[in-house]
Amino acid sequence: MNADDRPTVRPGGALRRIAALIRKETYQLLRDPSSVAIGIVMPLLLLVLFGYGLNLDVKNVPVALVMEDTSSDARGAASGFELSEYFDTVTVKTMAEAERLLLAKTVNAIVRIPSDFARRVELGSAEIQVIVHGTDANTARISLGYAQGAVGTWLAREAARGRLLAPASISIENRLWFNEANESTYFLVPGLIVLVMTLIGALLTALVVAREWERGTFEALFVTPVRSVEVLLGKTVPYFVLGMIGLALSVIGSLLLFGVPLRGSVLVLTGVSILYLLVALGIGLVISSAMKSQFLASQICMVVTFLPAMMLSGFMFDLRSMPWVIQLVTYVFPARYFVSLLQTLFLAGNVWSVILPNAAVLAAMATLLMGLAVRLTRKRIG
Amino acid sequence: MTDASHPAPVVGRGLRKTFRRETGETVTALDGVSLAVERGSLTALVGPDGAGKTTLLRLICALMKPDDGDLEVMGIRVAAAPQAVQDILGYMPQKFGLYEDLSVQENLDLYADLHGVSLEQRQAVYPRLMEMTQLGHFRDRLAGKLSGGMKQKLGLACTLIRSPQLLLLDEPTVGVDPLSRRELWDIVLKLVREEGLTVLVSTSYLDEAERCDHVAVMHAGRVLAQGAPEEVTARAAGCTFLADAPDGIPARSLQARLFALPGVIDAVPEAGRVRVVRASAEDRAPLTVDGVDVPLEAVPARFEDGFMLLFHAVANEGVRNTMTLQGRRDGSSEAVAVEVHDLVRTFGDFTAVDHVSFQVRRGEIYGLLGPNGAGKSTTFRMLCGLLPASGGTLKVAGADLRTSRAAARERLGYVAQKFSLYGQLSVDENLDFFASAYGLRGARKRERIAWAKQQFELDRFSALPSGQLPGGFKQRLAMATALLHEPEILFLDEATSGADPLARREFWGRITSLSEQGVTVIVTTHFMEEAEYCDRIIILDAGRNLAEGTPSEVRSHAKSADDRAPTMEDAFIAIVENARRTRSAA
């Protein structure tokens, strides 16, 4: 084994080393059930969970219907509530009884059709009193909207029969832009993509790098001709591919299972997702190069990436309803920009005035973090 | 040596390296080390844990920067061109970074690619590596499923793929059984002698250092001596003797007494006698134990004797090696403390322990020996009631482990192989917790904790988190917690693995005094010479009992080639190899 004068750097050496590292990482990824679980099973699970289980819509609100009038008009208006999928009605005789039910929280709202309803319909000034239990403001507001909708349905039915009635004293103004059906699935499901990309990009990457430190595998790897940039590339490429598979699964799932519209272009969606994935990978690499234990790396990843992606990105909670201090904080987290890109692309279309600034922020973050990761990864121990 | 065409493999001058602990204190790992490694030689860095061996190796392969000093590897200044150094040397860290979820072949391919070994070159190198390491049958096996010895051989193969100009091995044989250890050394010696490779190896095995061309004895970040191993051995010339134990006294009891005498630097049991190293060759006064002069026979010195002399000069703390129990255990020494009959343990269709029977009497020291995967740990876990047996009977301190595990557990103490105390808790907190866990409370608990701290000299570390204790003290604390509830039987699983020679002597001194006071001790160990401390030993391989008896009975199984008396290691290797041959023939 005398090889004193063999050249140490061969042409194409770097490419071969990178390929070898990618191959090694891919084998490890495929053989580790937890990586596959996070990359493939979890997106599907989240899709089903968020698509079917977690639903912010208000449906089957229990309502007490007080029928003080028994005219055909009153019954017609009541049928608007009874037939609506948003309400479960209980018909009671007196207001007192209804109030008791409301206080006991057996019902969330009272719909009272007063005794002079039919007469006043003719006069054009009919009133339906809707009293909503206000403890859950969100449900209350939505229920109120539905009540207006129910009356509107009746009015429309009457109009169809040729009986034009002036819209009574209740104005109907509950249409939501871009989400006419008010289906929260439409904005939850695209938002899933941000969770999937965050977990694969940041958490998985941080874990696999920290694992190499923990198991001491880096020590032997470093004392080879391999360069630290090559080690980083070897780590990044397989998880980038896994992230893109997660993206594809989430998008296809949203479109097929839940019929979410994709109004923007697939190309733009792919482009901005790549940017976000690079940001997430960068965060994962930076965290794990500082924290050389899997436990710490995963904890920090959760706090720095996953929780903000869930709470502070506008994915679940509207950013505009947050205190201004928290609103300022959200600008730090990349998830915010990605969620606003996703919601725009899915529900509105290629709105360039939204896409360009958000994508620019993500691109800047990706460049910064990747650069930092390269700087931080040194072939040194301790 | 330093001409341009053939630069010396390693030249280090005045190397210094300090670390900051999390607690803020500064630890000096290397304190002005100078070292030269000659081309084509086998050089050993030898010394106890914490001597700075690993740090020095990491400096040489540019994984760390020295705070001060010059270092050149193959004529390249490491500080100026770390990558150039890493391109030409092979390094096998202590925990070799094999990817456990990759197969043997995939690990080899990865390192071949990283080193830029072409496909044609691999055709030539792979068969040779496979022949050398005998891993040919296991190419498709995942590295994580290999035994400890095979993992080390694969690690070595990965570093040899590209014929390095300099090979660095960091404690390659720690936790490796004697058979695999010998195979590994045969490979290394062949590389140096036949292929002219330069190898720098760190080790805490003194017999390994003795086989090298050059040794550097390290202690506390300094090099105490450098030169041929014979130079170290020569320091003990005229100082070494063999002492015969009087009838009825076990060699280890004589050893403990001799070790405590002034002017005696070292005493170890050896082949039924005691090897004694005296501080000076001029000292001719008789050694007296219990009023009787011990007959001494002068013998040639070994490397270990010289090493102990060197150490005595710098680490002369006077290691305490006895201890006193609060209550002497009464009862006849004929009483059986542990009885194992026809013990079987299967995992699926794999039989880990295959009809093993043995008895241990009260106050005996009993050793379980065997290569990696022999079934020692499985037997041990069953004895401690941590794992149920598949068949056979197990009685510990009179309680049947199959029916009354809890009753038996109260009467035994267990020191696990790995440090298994709470690292973030202080010494006091650990003792307090374990005392409560054993059901001690009130005055009794305080009394026991005070006893443990006094006996193991832990007082000065009371408030220190146990994770930050120096290595030897961790071991002491682990033993102290296991003795809090005054167990009748003490189980020690590879308790001296990775410990330096000084710590091991202290440890065995304590075990000897425990056994003299009636505590039964069962140990497993990788150090064959430690079997000499045992009253009786059993050798297991593939779950089967291969030999049982006193150390001298077991030793007589081996016939040594030359005229020297066979050591326990020779006997062990002969017995295991013989059994394996018979099995594969059948």
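Data overview
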{"read-out": "Placed amide H near residue B:225: partners under 5 Å, 5+ positions off or other chain", "value": "B:217"}
{"read-out": "Members of A:292/B:151; A:379/B:145; A:292/B:445; B:95/B:376; B:65/B:153 lying beyond 32 Å, as alpha-carbon distances in this model show", "value": "A:292/B:445"}
{"read-out": "Principal axes of the protein assembly as shown: Cα extent on each, largest first, Å", "value": "132, 74, 59"}
{"read-out": "All-pairs Cα distance distribution in segment B:10-229, expressed in whole percent, bin size 10 Å", "value": "8, 33, 36, 19, 4, 0"}
{"read-out": "Relative contact order for segment B:477-549, counting Cα pairs under 8 Å that sit 6 or more residues apart, in percent", "value": "29"}
{"read-out": "Whole-number percent relative contact order across chain B, with pairs defined as alpha carbons under 8 Å at least 6 apart", "value": "13"}
{"read-out": "C-alpha long axis of helix B:251-260 to longest principal axis of chain B, angle in °", "value": "70"}
{"read-out": "Calculated diffusion of segment B:235-314, Stokes-Einstein form, Kirkwood radius summed over Cα pairs, 25 °C and 0.890 mPa s, µm²/s", "value": "197"}
{"read-out": "Residue mean of other protein chain beta carbons inside 10 Å, B:104-117", "value": "5"}
{"read-out": "Distant-in-sequence amide H partners of residue B:44 (H built 1.01 Å from N, under 5 Å)", "value": "B:201, B:214, B:215, B:216"}
{"read-out": "Per-q log10 I(q)/I(0), chain A, q = 0.06, 0.11, 0.14 Å⁻¹ (Debye; single scatterer per alpha-carbon; no solvent)", "value": "-0.37, -0.85, -1.12"}
{"read-out": "Two-decimal Rg to Rh for segment A:61-160 - Kirkwood Rh, Cα set", "value": "0.95"}
{"read-out": "Set of lysines near residue A:105 by C-alpha distance (under 30 Å), chain-local residues within fewer than 8 positions excluded", "value": "A:59, A:93"}
{"read-out": "Neighbour-count ranking [beta-carbon atoms within 10 angstrom, fewest first] of B:568, B:64, A:322", "value": "A:322, B:64, B:568"}
{"read-out": "Share of alpha-carbon pairs per 5 Å distance bin for segment A:224-382, given as whole %", "value": "1, 8, 15, 19, 20, 15, 10, 6, 3, 1, 0"}
{"read-out": "Over chain B: Rg over Rh, Cα atoms, Kirkwood Rh", "value": "0.97"}
{"read-out": "Zero-based 10 Å bins, Cα pair distances in segment B:465-586, whole percents", "value": "11, 37, 31, 16, 5, 0"}
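Coordinate-derived values only; no laboratory data. Predicted model, so just to flag it, every value in this text is computed and none were measured. Please note: Cβ atoms are built from the backbone with ideal geometry, for glycine as well, and neighbour counts cover all protein chains shown.
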